[in-house]
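For reference, the structure discussed in these notes is given below.
The values are calculated or read from the model by the stated rules, or taken from the named source; none is laboratory data. Everything numeric here is computed off the predicted structure, so don't read it as measured data. Cβ coordinates were reconstructed from backbone atoms using ideal geometry, including for glycine residues, and neighbour counts include every protein chain displayed.
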Amino acid sequence: MDAAGLIDEVGEGVEGWSVGDEVMAMAIPLAGHGGAYVQKLVAPVGSFTRIPANTSLEEASTIPMNGLTATQMLEKVALAPGQVLAVSGAAGLLGNYLVQLGKAAGLTVIADAADKDRALVESLGADHVVERGPGFADAVRAIVPGGVDALTDASVQREEALPAVRDGGVSIDVRLWKGTGERGIRFEQAVVADEYHSFGKLDALRQRVENRLLTPRVAEVLPAAEASQAHRRLEAGGVRGRFVLVW
């Protein structure tokens, strides 16, 4: 769902873009234009923007999907500056962006991490880092006894993490879970496909990278022929950053 590259051809009537421009784009696998596992991508206007200055194409390709997902999640939980956000899966790239964008919005952020990832998550600006795993909710409550205002559940812990949320708070899921309806908690779902033409939001992410408020992270650059290997490594877990396939 992410891509970056050079514009090879500009459609009839399209203004403001030229052959050779370096851009990053969101691609929808089920859309008529196809996903990003291609050498050449047809990208409708609104689905792409220029890559951030001083950023490689490989780095830029990691921004659209996770950046737009994080943006949408924070919009849907709709917290005000000073409120408290919990982030599960903070060591993954989506979690990274949630921590950084949450801090940029003035939120107090509690994030989880395994010991080996603690320094990384702390470097993103999290106010508190708790141990990843089944004790997440208890650890969060030890910091905020009344519970956090919102949970962005990037690691899909669901019922296991839900006790971290205060009565009347909000939890948002990345895989369409509608929640339990308990304790007056509002349950939201992130649907990044809805951001396919969100040029303004994508361009805002570009600006945040340029202003060093958001950090793209590439795990490894691989030739497209090794896509199956990349998927096997993803399934094994523990990848930090994104694999980037190059055609």
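Let me spell it out: the conditions are (1) within 15 Å of residue 2 (Cβ to Cβ); (2) surrounded by fewer than 24 Cβ atoms within 10 Å (Cβ to Cβ); (3) at pLDDT 95 or above; (4) not assigned by TED's automatic domain parsing to the domain that holds residue 160, and residue 71 meets all of them except one. Which number is the exception?
That leaves (4) as the condition not met.
Using the structure shown, decide if residue 44 is touching a residue at least 24 places away in the same chain (Cβ under 8 Å), surrounded by fewer than 22 Cβ atoms within 10 Å (Cβ to Cβ) and in the same structural domain as residue 218 (by TED's automatic domain parsing).
Yes, satisfied.
Filter the stretch 131-145 down to residues that are among the aliphatic types (A, V, I, L, M) and under 17 Å from residue 158 (Cα atoms), then give me how many there are.
Count: 3.
I'd like the full set of residues that are more than 18 Å from residue 59 (Cβ to Cβ) and out of contact with any Pro (no Cβ under 8 Å at 6 or more places or on another chain), limited to the stretch 100-111.
102, 103, 104, 108, 109, 110, 111, listed by residue number.
Rundown of residues vs (1) of a type in the set (S, T, N, Q); (2) assigned to a helix (DSSP H, G or I); (3) within 17 Å of residue 196 (Cα to Cα); (4) out of contact with any strand residue (DSSP E or B) (no Cβ under 7 Å at 6 or more places or on another chain), yes/no style:
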position: 8; (1), (2), (3), (4): no, no, no, yes
position: 14; (1), (2), (3), (4): no, no, no, yes
position: 17; (1), (2), (3), (4): no, no, no, yes
position: 23; (1), (2), (3), (4): no, no, yes, no
position: 29; (1), (2), (3), (4): no, no, yes, yes
position: 36; (1), (2), (3), (4): no, no, yes, no
position: 46; (1), (2), (3), (4): no, no, yes, yes
position: 67; (1), (2), (3), (4): no, yes, yes, yes
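Checking the condition surrounded by fewer than 22 Cβ atoms within 10 Å (Cβ to Cβ), at pLDDT 95 or above, under 19 Å from residue 199 (Cα atoms) and aliphatic (A, V, I, L, M), which residue from 53, 105 passes?
Answer to the selection: 53.
For residues that are β-branched (Val, Ile, Thr) and surrounded by fewer than 17 Cβ atoms within 10 Å (Cβ to Cβ), scanning just the stretch 145-187, find the one that is farthest from the chain's Cα centre (by Cα). Before the answer, list the steps.
To start, the set of residues in the stretch 145-187 that are β-branched (Val, Ile, Thr) comprises 148, 152, 156, 165, 170, 172, 174, 180, 185.
Applying the additional criterion that residues be surrounded by fewer than 17 Cβ atoms within 10 Å (Cβ to Cβ) yields 156, 180.
Values: 156: 14, 180: 24 Å.
Checked the stretch 145-187; the qualifying residue farthest from the chain's Cα centre (by Cα) is 180.
Going residue by residue through the stretch 190-201, is there one that turns out to be over 22 Å from residue 155 (Cβ atoms), free of Cβ contacts under 8 Å to residues at least 40 places away in the same chain and in a strand (DSSP E or B)?
no
Can you find, within the stretch 218-243, the residue that is farthest from residue 95 (Cα to Cα) among those that are in contact with a strand residue (DSSP E or B) (Cβ under 7 Å, 6 or more places away or on another chain) and assigned to a loop (DSSP other than H, G, I, E, B)?
Among those that are in contact with a strand residue (DSSP E or B) (Cβ under 7 Å, 6 or more places away or on another chain) and assigned to a loop (DSSP other than H, G, I, E, B), it is 239.
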